[in-house]
Each structure stands twice: as structure tokens, then as C-alpha cells.
Number of protein chains: 2
Amino acid sequence: MHSTNLCGLQQNGNLLFRRLYSGALLFAAFSQALANPFFYSSSSSHTSRISMAEQDPVKFGILGCAEIARKVSRAIRLSPNSTLYAVGSRSVEKAAKFAKDNGFPDSAKVFGGYDAVLDDPDVDAVYIPLPTSMHVKWAVLAAQKKKHVLLEKPVALNVKELDVILEACESHGVQFMDGTMWMHHPRTAKMKEFLNDPQRFGQLKTVQTVFTFAADPEFLENDVRVKPELDALGVLGDAGWYNVRACLWAFDYELPKKVTALPGPVFNKSGVLVSCGASLYWEDGKVATFHCSFLSTLTTDVTAVGTKGYLRLHDFVIPDEEDKASFFTRENPGFAELQRGVVADRNEHVVATDLPQEVKMVMEFSRLVGIIKAEGGKPEKIWPTFSRKTQLVLDAVKTSIEKGFESVELIS
Amino acid sequence: MHSTNLCGLQQNGNLLFRRLYSGALLFAAFSQALANPFFYSSSSSHTSRISMAEQDPVKFGILGCAEIARKVSRAIRLSPNSTLYAVGSRSVEKAAKFAKDNGFPDSAKVFGGYDAVLDDPDVDAVYIPLPTSMHVKWAVLAAQKKKHVLLEKPVALNVKELDVILEACESHGVQFMDGTMWMHHPRTAKMKEFLNDPQRFGQLKTVQTVFTFAADPEFLENDVRVKPELDALGVLGDAGWYNVRACLWAFDYELPKKVTALPGPVFNKSGVLVSCGASLYWEDGKVATFHCSFLSTLTTDVTAVGTKGYLRLHDFVIPDEEDKASFFTRENPGFAELQRGVVADRNEHVVATDLPQEVKMVMEFSRLVGIIKAEGGKPEKIWPTFSRKTQLVLDAVKTSIEKGFESVELIS
């Protein structure tokens, strides 16, 4: 078996990340918090001494008018601890139109450039939906200007770039979080409760996840997400990001030991991935596979199989409906006599949410920013750690493809 | 990329199988038949000139008293064109007890050995549930004695052995069929209708399938299915057989070009596989992955993703209920405005069946036997072809594991 050690990436690690890596207890605490249905309420151990109501809303500046920025603008508007404060675009007219179309208050500032947003002393935080190749420049500049950074995924073209961003955030004391919305849906915490249940689920053995959507021919050649100079990770960064995060989430963020790309990746004319998959392997025999593609119909499935129970859902990235979301479990199933059927405790779990998952994301980010602003606290390290582990696995998939599907070894 | 061509296996192919392979039209006709909900009725083009009611019931002899033989005995009993005629075991007492416990008629013959079943001139067909290592001996002997062969899966330890069996069946003019029951459920035909629908499903791009069940420690060391001298393929032959068949079925029995085992196979103390997975790759970019295990809870999932639609089911091997079975589809799904949800035509398709799938299997086998008996026809080649293709892929997975997860190339 041919293995490639991602030591190049590891050598770029610095003290900061060695510290992040060693935060096993932090993960445990966070898992506990995620498993706590009151994670976002005042009973959480993560809650600051000031309540959300008392907190000054975090003033957001948005860099660029990407389509996804429309959704996040709405989320900032709906979030009780955030406010739409400024938007910058390459042209001030475009910024003004975006502000008008997306419910910014009349007092919001519109700028013909991104620098001006960062130079505004009243901007607390920026949301960066720019193409991935521009992340390192603008996220670092934002951190240097003491702006907290909510960064769209994929966060960087590779972990080396991400490390530059995270180091800037760390050294300037600003919060970093990526835009993986499903992490913040209350369903996610409820699912983790089930996966953590030794009676109903047992030990997790395997995860299978698929995220595909059918892009049209125009998208496949010209969309930002398949342009080598803008989003060189293609479908791996756009859809595979979610698959990898789902695997890491299910396995409590333990990095796999080996990552092996699967045969059959498809590239567009510019050489950017539009379909691919990978197998992840943990030393104690746990395995996961994922498939992501712009060439198949919309599918967002996760299946997690334990020694005693089973969990699946079919809309993990974006719930079918905004105010509630389901997942399905089966506990201790077995064949009936003569295998004439299956006996199992089957459940559909419906989890309601008062606000959409992207609003929950903005609220959590702003809550952390609020603590730093009000109490001079340190940024929460969980979120950059999740981003970095996701990026490490993406990089390994890319490396494995480049090396003809060799296994790539990760050292955690 | 390292590839291993399974030329050793290919070289064992003979004229018979070259003929089987070239039967593309046969497959097309069969696909059409499978897609026809009346496949088992008298309107099918496969129906002989005599009806099932007019046909003398096929007299079955059973070789051995394995647990699965209880289920198939019931199926033979319930099948209108079959009858339980004889059973042989290593001891006549065991055979007699089996016959008594499993609803054999009082007239049924019980033998203290397998040879005696084959020597009985009134036995038309045998069902062979013996350990896999014994298949080649007893299936060949049965064919030589002009008994039609319903052979439990996995059909052989490797395709070389299977070729010996199939050649014996071909040269003695007896029908061969393996015991893959789900193929015969009317749900299977209905699902194929959906997969073949260019408007609702489009082109099939990927299949993901999992078959796992949690075996106890005793099973993992001592069951027939994990004994190197009895069932050396372990979980790959017992559960992976179904996963591979599901992939082949979905892709209209086109063999994949490459088969690559996934990292993380688990072996028991005797070196027999108890958990593994593989990735299948077709030259035009179609891909599939499967995972099979004795170490996780009971799961039997298939997900098939096309360019326009999506199909999934969670009980493909044995339906949750005996008299009906469901599958789930989604057609032309898309994100709602601002990706605030998913818009799709979602359906649960419930397919009723008048008889359990294993009875349908016995009926189809006996129907084919009846045609040969009554009209001197030739055996139907579809069924041995399906078995052989399944075995070829299993062999390739095993080879890939042995070669450290190298890709194994199949030439169809």
C-alpha cells in the first residue's frame, strides 16, 4: 500500500495549532454542549455574564455581493445580537443596490471597495463571501484591522493559506468561524445526543455521506466555484466540505489516519473537480466514505451506523423546511423469526427551530464576539479548529487524487 | 495508479461464458421484463406455453439442514409450482427432524447423506445451502445427475470454481439460479422502472449501499460464515454479495472497469473478513461504493442517484414486512429561493406482494425448470450470468485487499 504523509502540511503547523490540536478536553466539553439541547440558552456553560439582550448588536460589514451573501444578510438581519452595518463591493452602485435589496437599514454604509469596510472603525465583524482565492488576503487584512471574521467555506485553497488566516485572527484576538450553517441547527445537537447514547446507538463504526446537485452546463464552465483562479477546489470545496465536516462531526473531530480518493473523479475543461469521492480510515477500524458531485441531482444524505443503532437524514446541508428538520433512527434492529422481516424501534425525530440554522450561526458568532468585546475575552478556538481539520482532510483528498489515488496519511 | 488485471480469472473463461457475456440483447430483454410489473404473470414474454397451474410441481430435494434451508423449505412449500420432496443430511435422524419441523409432507423422503438425494430419480431440482467450500462438489454432482440447481449464495469461493459449476449445469442442460431473494420481489421491478425513467430519474451516476449486521462474539469466531475452510469469503460473501448485486442490478449488469477495496477491512482470528468495503468505477464516470460488516447494527440500504432523480430504500435484502415493501424517490429537486429549503416531488412507493420474495424466487426457478421439463427447452442464461458477474466483482475486491488496496481491472 502506498501512503503519502502530509508532512508538508504538518510542518507548516505552528505552536498555535499544536495548542489547538491538544485541546481534547475542549472538544469533550463542546461535544457535551452540542449534546445539550439548551446549548444556545442562558443555561449553557459557554454563556457570558451578559445576556444576548443586553449585548450591543454586533455591527457586520459584508465584503462582496455574492449570492450567498443575500442569505447571510437576511440571517444577520434576523439575528437578535447582530446588525447589518455596511457592505462593500467593487462598485458603490452595486453595494447600494445590494443593501437596498437585502433589507439593510437606511443608515447602513455602502462602499465601493472592501478596504473601506475594514477601515470603518464601527464595523465589529466582517462576513466574507468572496471567492476562495481571495480569502487569505481579505481575512488577514480584516484580522489586522481587528474585525472578527465570519468566513464562507471553503475557507482557503489549502491549509497553508488557512494557517496564515488563523494566525492573523489569533494574534489580533478576533473570533474566526466558517459558514457551515448546519452545525448550528438544533437538530445537529439532537443527533449528537443519539450518536453519544451507548444504549441506543453504541459505538460509531461507519459514516456514508453524499452531497450532489445538478449544475447546468453554464455553471460547470463559468461559475466562480469551478474557476481555477477563484475556487480551485471545485466541488470538493463547495460540496465535499460538508461531507468531510459531517464525517468529522460524527467522529467527534478525530482526524482520520488515512484519506484515499476514490477512482472516477471528473474535471471540467479547466481542470477543476466537478465530481469526486473519498474513503476515510481511522486506525481503530472506523471508516467513512463520501461522494460529492455537480453532475447528479440534489442529494444531501448522511448515514451513520453504530454497533447498536443507526441514524440517517436526507437534508443535512439545508433542511427541507426552515422551521423544523427530521432525522431517522433505528435502535437494536434484528431479523424476525425465519428472517421474515425486521424488528426494530424506528423513529422519526422532528426538531423544531425558532430561527433558521443560518441565523443560529450568526447568533453564535455574534455571541462570541460580544463576549470578547464586553469582557476582553479570548476567541473561542473550537471553530477555527473545526475549519482546519476539515481543510486538512480536503487537502488530503486533493493530494490523493493528484497521486493517482494513493492513500494520504494524516497525523493528528 | 496501480492496477491489477484479473486476467487470471479471464483466462479461465471458456466459450460458454463468452457466449453468456455477449448476451447484451438478453439483458435488455430481461431489463424490460423486470421493469414489467406483470413479469411473473402470463402476459410475460418469458412465460411458457403451459401455465403454472398445469405444470407438475417441481420436486425439490434439499442438501443439508442449514438455518437458511428452513426459510427456503417454507418458500418451496408456499410456491404453487414446487413441492418438498426430499431432504438429505449427514444423519438420517437430523434429516427426519428437519422434514418434520419444516412442513414436509409425510410422503417426503429423508436420507442420511446428500448422494442419496441426487440418486433419487424423482428429484427434479436441488436446493443447496451447504457451506460455500462444498458448492463445487455438490452442485457439479447434482448437474451430472440432471438435477436443476438452486444454489445458496455466495455461489463459490471464486469464479474459477463457479465456472466449473456453471459448465456442468450448461452441459447437462439444467437450470442454475442463486439464492438472491430480493431480486424476485415485485418492488425490485418497480424500482427498475423508476431508474429507467429518463424524465423522473435521468442517467444513473452513483450507487451507495451498506449491508451490516451485528454478530455476536461466538458467531465471529465459530459460525460457518467466518470459517476459512467453509466460507473463506466471510462477510464479503455473506453480506457484500448483496451489495455487489445491488450495484450490478442498478447499472444493468455492466461490469465495473475497476474495483478498489477500501482501507480498513477487519479480519477475525482465522483471517476471514468480518468487515470491508470497496469502490467500483465504470469508464464513463459512474461510481459506486459499498460497505459490509458483521460488526455494526443491522442496516441494508441502497441509494441510487441520477441526473434528475434519486431513489433509496432501507430494507433491500429482506423487506421490513413480508406482504409489502417501500422505496423512496425524489424527482427533480432544487433549492428554494435563498436556499431556504428544498423543493421536490417526494414519494414513498409501497409495493404489495401476494407472496414473500423467497417464494417468488422459488416460483421463478420452478417455472424455468417446468419449461425445460415440459418442452425440452434450454436453461435460462440470465441467472448464471448474474451470479458470475457478482462473483467476478467479489473476487476483485478480495484481490484488491490482498494487494494492499490496489485497483483491480475487470474486462467485460
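Details
- Listed residues B:Lys97, B:Lys59, B:Lys147, most fluctuating in chain B (Gaussian network, C-alpha, under 10 Å): B:Lys97
- When you count the other C-beta atoms within 10 angstrom of each residue and take the mean per peptide, A:182-188, A:332-338 line up highest first as A:182-188, A:332-338.
- Using Cβ point charges alone (K and R +1, D and E -1), the dipole size of the protein assembly as shown about the Cα centre works out to roughly 420 debye.
- Normalised by 2.2 N^0.38 Å, where N counts its residues, the alpha-carbon radius of gyration of chain A equals 0.97.
- Partner aspartates and glutamates whose Cα lies under 17 Å from the Cα of B:Lys109, excluding those fewer than 8 positions away in the same chain, are identified as B:Glu93, B:Asp101, B:Asp119, B:Asp120, B:Asp122, B:Asp124.
- 0 to 90° range, to nearest 10: angle between helix A:159-171 axis and chain A longest Cα axis: 50 degrees
- Only Lys, Arg, Asp and Glu carry charge here, each on its Cβ (+1 for the first two, -1 for the last two); on that basis chain A has a dipole of about 500 debye about its Cα centre.
- Reported value for region B:49-182: 111 Å³ per residue, from the convex hull of its C-alpha atoms.
- Rolling a 1.4 Å probe over the heavy atoms of the protein chains gives the protein assembly as shown an accessible area of 36 Å² per residue.
- Label geometry 7 Å along the beta-carbon vector: A:Lys378 inter-copy distances in nm: 7.8
- Farthest positive-ward along region A:47-182 dipole, Cα basis, beta-carbon charges - from A:Met177, A:Ala125, A:Ala108: A:Ala108
- If you run the Gaussian network model on chain A, springs between alpha carbon atoms under 10 Å, then out of A:Ile68, A:Ile128, A:Ile382 the most flexible one is A:Ile68.
- Of every Cα-Cα pair in region A:106-178, the percent that sits beyond 15 Å: 48 percent
- Each residue, A:Asn347 and A:Ser107, gets one label point 7 Å from its Cα in the Cβ direction; the gap between the two is 4.7 nm.
- Over 38 Å [Cα-Cα, the protein assembly as shown], rounded percent: 44 percent
- Remark: relative contact order (region A:51-204) = 18 percent; criterion is Cα-Cα distance under 8 angstrom and separation of 6 or more residues.
- If R0 equals 25 Å, the separation of the Cβ atoms of B:Val224 and A:Glu283 corresponds to a calculated FRET efficiency of about 0.25.
- Computing FRET efficiency as 1/(1 + (r/R0)^6) for A:Ser326 and B:Thr307, where r is the C-beta to C-beta distance and R0 is 25 Å, gives about 0.45.
- The interface between chain B and chain A buries about 5000 Å² of solvent-accessible area in total (1.4 Å probe, ligands and nucleic acids excluded).
- Region B:118-162 versus region A:305-353: alpha-carbon centroid distance in Å: 40 Å
- Distances between equivalent label points of B:Phe219 across the copies, with each point positioned 7 Å along Cα→Cβ, amount to 4.2 nm, shortest listed first.
- Derived scalar couplings ³J(HN,Hα) [region B:131-148; Karplus, 6.51 cos²θ - 1.76 cosθ + 1.60; whole Hz; x for Gly, Pro]: x, 4, 5, 8, 4, 4, 5, 7, 6, 5, 4, 4, 4, 4, 8, 6, 9, 5
- Solvent-accessible area lost in complex, 30 Å² minimum, residues of region B:329-362 relative to chain alone, 1.4 Å: B:Arg330, B:Pro333, B:Phe335, B:Leu338, B:Gln339, B:Arg340, B:Val342
- With an a/c value of 1.5 or above and a/b not larger than b/c for the gyration tensor axes a ≥ b ≥ c computed over the alpha-carbon atoms, region A:262-412 is described as oblate.
- Here region B:128-223 has 53 percent of its accessible surface on carbon and sulfur atoms, given a 1.4 Å probe and all protein chains in place.
- Dipole magnitude of region A:47-182 about its Cα centre (Cβ charges: Lys, Arg +1; Asp, Glu -1), debye to nearest 20: 340 debye
- Between identical copies, the spacing of A:Glu93 label points, each set 7 Å from Cα toward the C-beta atom, reads 9.8 nm from nearest to farthest.
The values are calculated or read from the model by the stated rules, or taken from the named source; none is laboratory data. Nothing here was measured: the structure is a model prediction, and the numbers come from that model. For neighbour counting, all protein chains shown are included, and Cβ atoms are generated from backbone atoms with ideal geometry for every residue, glycine included. Surface accessibility is based on the protein's heavy atoms, side chains included, excluding ligands, DNA and RNA. Shrake-Rupley method; radii C 1.70, N 1.55, O 1.52, S 1.80 Å.
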